[in-house]
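The values are calculated or read from the model by the stated rules, or taken from the named source; none is laboratory data. This is a predicted model, so every value here is computed, not measured. No Cβ is skipped: glycine too gets one built from the backbone with ideal geometry, and neighbour counts run over all protein chains shown.
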Amino acid sequence: MPKMKTKSGAKKRFRVRGGGSIKRSQAFKRHILTKKSTKNKRHLRGITNVDKTNAGSVKAMLPYA
C-alpha cells in the first residue's frame, strides 16, 4: 500500500499532544487590530484545543499524528 499523505496546510496549523488532544492557534489576531479591544486581543493570546466536534476531521488530515 502507498503511504497516506498529510494535508500540508494542517501540519502547519495543528500539533497533537501526548494525550491525543490537538492544539491550535487562536484566530482573529493577524490584522485590523485597531478596532479590537485590548481585552479581546489579550484573550486571543496563546493556544487552545481543537473542539471535539472538529477533532475527527483534523485527525483525518493528519494520518500519522
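A few notes on this one:
- One residue alone among THR38, THR6, THR34, THR48 is touching a Pro at 6+ places or on another chain (Cβ under 7 Å) and modelled with pLDDT of 95 or more, and that residue is THR6.
- Picking from residues in segment 20-46 that are hydrophobic (A, V, I, L, M, F, W, C) and either in contact with a strand residue (DSSP E or B) (Cβ under 8 Å, 6 or more places away or on another chain) or under 30 Å from PRO63 (Cα atoms) (or both), the one that is surrounded by the most Cβ atoms within 10 Å (Cβ to Cβ) is ILE22.
- When residues of segment 47-65 are limited to those that are in contact with a strand residue (DSSP E or B) (Cβ under 8 Å, 6 or more places away or on another chain) and among the aliphatic types (A, V, I, L, M), the one farthest from GLY20 (Cα to Cα): ILE47
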